Structure formats: C-alpha cells, structure tokens
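The values are calculated or read from the model by the stated rules, or taken from the named source; none is laboratory data. Note that the structure is a prediction, hence the values are computed from the model and not measured. Because the Cβ atoms are built from the backbone with ideal geometry, glycine has one as well, and the counts that use them run over all protein chains shown. Calculation scope for accessible area: heavy atoms of the full protein, side chains included, ligands and nucleic acids excluded. Shrake-Rupley method; radii C 1.70, N 1.55, O 1.52, S 1.80 Å.
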Amino acid sequence: MIIDEAYIRENLLSQTDSNGADLKLITNNKTAQKAFNKIERLIRVRDRAVSEVEARLIQDEYPQEVINEVIERALMCGYLDDLRFAEVFIRTRIEAGKGLSGIIRDLKRLQIDPYSLEGFPYQYLPENYEAIDSALNVLLKKPPRAKNKPQAAYAKLIREGYASSDASEAVQRWVNLAHETHSCC
C-alpha cells in the first residue's frame, strides 16, 4: 500500500479513537500540517523513535501543543512505533557487532525500555551468542593500530558497547591469539 497525500486525507485525517473523539489534524492549522509533513519526511529516510521525532520538532520550534497532536496522529496511523523501532534497532546493532550494554544504553537514551520488549535480550541474540566471542570478532576484523594495543582494544570494545568484563576477557583472548601466532602486541 502506498501512503500518499490522498490516502492520508481520505483515511487518516478523519479517524476517531476508541472513545469516539475526533483524531483528525486541524486541517486549517498550517503549523500542525507542516509538523506532520516533517514527520513524514523524517520517517521516509529511516524508522524513528518517538523521542527522536519529538526532539526534531522541538528543535524546529514547533509549539508543544502541535508536537503532541502530530505525534499522536503519527502513532495512530503507524508512522511511529517504538516497539517496532527497538526491534529493528537491536537486531541491526547486534549484526554490526555492537555490544548489548551499548544497545541498552542507546535505547534508554531514546526513552525506550528494552526490557519492555518480549523476550529481551535472548530473543534478539543469534543462536549460541556469546558477548566475549562477539567482542573478539570485532578485534579480529579491525585490530587497533595504537602503540598500546591491549589498551586501545579495550577502549574500542567499550565504545562499541561491550560490558567491561566482556571487553577485558576478549582483549585477553585477543592478546593470547596474537602471541600464539607470533604477532606482538
């Protein structure tokens, strides 16, 4: 289904909620329409968390009343959905080799409680996932080039969102592998 301006006008601007309250945008309110159009432009690029969209609308100096109205509208028509956003966010970050601690921190920064997701975190982790192995893979794929390689490796893993204990263990394994292959750290 293509959601274009005509679809929005016909279907989304005249809905009512479960209490029978009219949810349509105030069509003669150009500010609200501009704000809603801004949301549409933002989500065309990528899915967004509600807090991200709200921050952008605040940054663009829309009145709070308008922001509340258009965000409610975007939630009602499915443009915004924090649970959907969080699920995709978690899976793509794990695929990219990011650590679970960092993912949790980022979701909380976006005002999303990851523990509200059913089955979090185990449902989102690949089968046989081990944080230490994942961290070690990060180091094997792109080892640090600093003078003090173990320290740089640890710092890299912390930046990637790994817990300090997992980062320490992964660095130790990485150093041991380097010594076994006669590559000096």
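Tally Lys and Arg at +1 and Asp and Glu at -1 over the other residues with C-beta under 9 Å from the C-beta of Ile39: what net charge comes out?
Working: positive: Lys38, Arg41, Arg48, Arg56, Arg73; negative: Glu40.
Once all neighbours under 9 Å are counted, the net charge is +4.
The slack between Gln59 and Val88, meaning 0.36 nm per residue of separation minus the straight C-alpha distance, is 7.9 nm. Taking all protein chains into account, the per residue accessible area for region 28-185 stands at 60 Å² (1.4 Å probe).
The phi-based Karplus calculation (6.51 cos²θ - 1.76 cosθ + 1.60; θ = phi - 60°) puts the 3J(HN,Hα) values of region 84-93 at 4, 4, 5, 4, 5, 4, 4, 4, 6, 5 Hz, whole numbers, x for Gly and Pro. Only aspartates and glutamates eight or more places from Lys30 in sequence, or on another chain, were considered; those with a Cα closer than 20 Å are Asp4, Glu5, Glu10, Asp22, Glu40, Glu54, Asp60, Glu61, Glu65, Glu69, Glu72.
Considering all alpha-carbon pairs of region 69-116, what whole percent are spaced by more than 12 angstrom? Please list the in-between numbers first.
Details: 718 of 1128 pairs.
Across region 69-116, Cα pairs with separations above 12 Å total 64 percent.
Only alpha carbons enter this Debye calculation for region 52-160, each as an equal point scatterer, and the log10 of I(q)/I(0) it gives at q = 0.17, 0.20 Å⁻¹ is -0.88, -1.04.
A 24 angstrom limit on the alpha carbon distance is what I want to check against. Which of Lys98/Lys142; Lys98/Lys141; Lys38/Lys98 exceed it?
Values: Lys98/Lys142 13 Å; Lys98/Lys141 13 Å; Lys38/Lys98 30 Å.
Listed pairs above 24 Å: Lys38/Lys98.
Across region 142-148, coupling constants 3J(HN,Hα) worked out from phi with the 6.51/-1.76/1.60 Karplus curve, θ = phi - 60°, read 9, x, x, 10, 6, 5, 9 Hz, and Gly and Pro carry x. Defining a contact as two alpha carbons under 8 Å apart and six or more residues distant in sequence, what relative contact order in percent does region 53-185 show? Reported relative contact order: 22 percent. Here the gap between Leu140 and Ile43, fully extended at 0.36 nm per residue and compared with their Cα-Cα distance, gives a gain of 31.4 nm.
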